[in-house]
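Chemist: The structure that follows is given in the form of structure tokens.
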């Protein structure tokens with residue numbers, strides 16, 4: 001019996017599918033990444049181990065720097081000005097979540113006073129921001 005001899009073909013890797021896959025991964029990471037616009041105020045947030053936050057709600061950020069100065073949308077405000085601005089935003093947007101980003105070295109009393117001012121303005125949800133530190137898995 002005579003068998004047909006086959007030629008051994010050299011194994012090659014096509015570059016076109018590899019390039020397509022790299023571009024798809026690049027597009028995936030670009031679409032799923034988050035871009036956070038910094039307000040220009042330098043603060044150091046306290047660290048936490050668990051990450052809990054609903055990112056689908058409307059949110060307004062109040063920043064308290066190390067000196068205790070309060071900023072809303074990049075504008076320095078006092079407590080009365082903050083209350084007035086929050087009331088205005090509440091009338092325009094309706095319900096929203098207020099995120100307080102306070103420097104870790106700021107006095108606790110200023111943060112509590114800011115929370116009281118926000119409650120007086122009509123804000124129902126207040127979130128204290130912290131820097132998330134993922135736990136190491138060994």
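The values are calculated or read from the model by the stated rules, or taken from the named source; none is laboratory data. Worth saying up front: this structure is predicted, and the values here are computed from it rather than measured. Heads up, the Cβs are rebuilt from the backbone with ideal geometry, glycines too, and the neighbour counts pull from every protein chain shown.
Chemist: Would you mind listing the strands (runs of 3 or more DSSP E) fully within region 60-113 where at least 3 residues are out of contact with any helix residue (DSSP H, G or I) (no Cβ under 8 Å at 6 or more places or on another chain), in contact (Cβ under 8 Å) with a residue 40 or more places away in the chain and surrounded by 14 or more Cβ atoms within 10 Å (Cβ to Cβ)? Spell out how you get there, then give the answer.
Modeler: Numbers: elements: 70-72, 75-77, 97-102.
Here the list reads 97-102.
Chemist: Then there is this: For the condition at pLDDT below 85 and under 20 Å from residue 119 (Cβ atoms), what is the one hit in 59, 5, 84?
Modeler: Details: 5 fails: under 20 Å from residue 119 (Cβ atoms); 84 fails: at pLDDT below 85.
Exactly one of 59, 5, 84 is at pLDDT below 85 and under 20 Å from residue 119 (Cβ atoms), namely 59.
Chemist: Consider residue 97 against the criteria (1) under 22 Å from the mean Cα position of the chain (by Cα); (2) at pLDDT 90 or above: it satisfies all of them except one. Which criterion is unmet?
Modeler: Failing condition for residue 97: (2).
Chemist: When you go through 19, 43, 13 one by one, which is the residue that is over 30 Å from residue 73 (Cβ atoms) and either modelled with pLDDT of 85 or more or surrounded by 10 or more Cβ atoms within 10 Å (Cβ to Cβ) (or both)?
Modeler: Details: 43 fails: over 30 Å from residue 73 (Cβ atoms); 13 fails: either modelled with pLDDT of 85 or more or surrounded by 10 or more Cβ atoms within 10 Å (Cβ to Cβ) (or both).
Result: 19 is the single residue among 19, 43, 13 that is over 30 Å from residue 73 (Cβ atoms) and either modelled with pLDDT of 85 or more or surrounded by 10 or more Cβ atoms within 10 Å (Cβ to Cβ) (or both).
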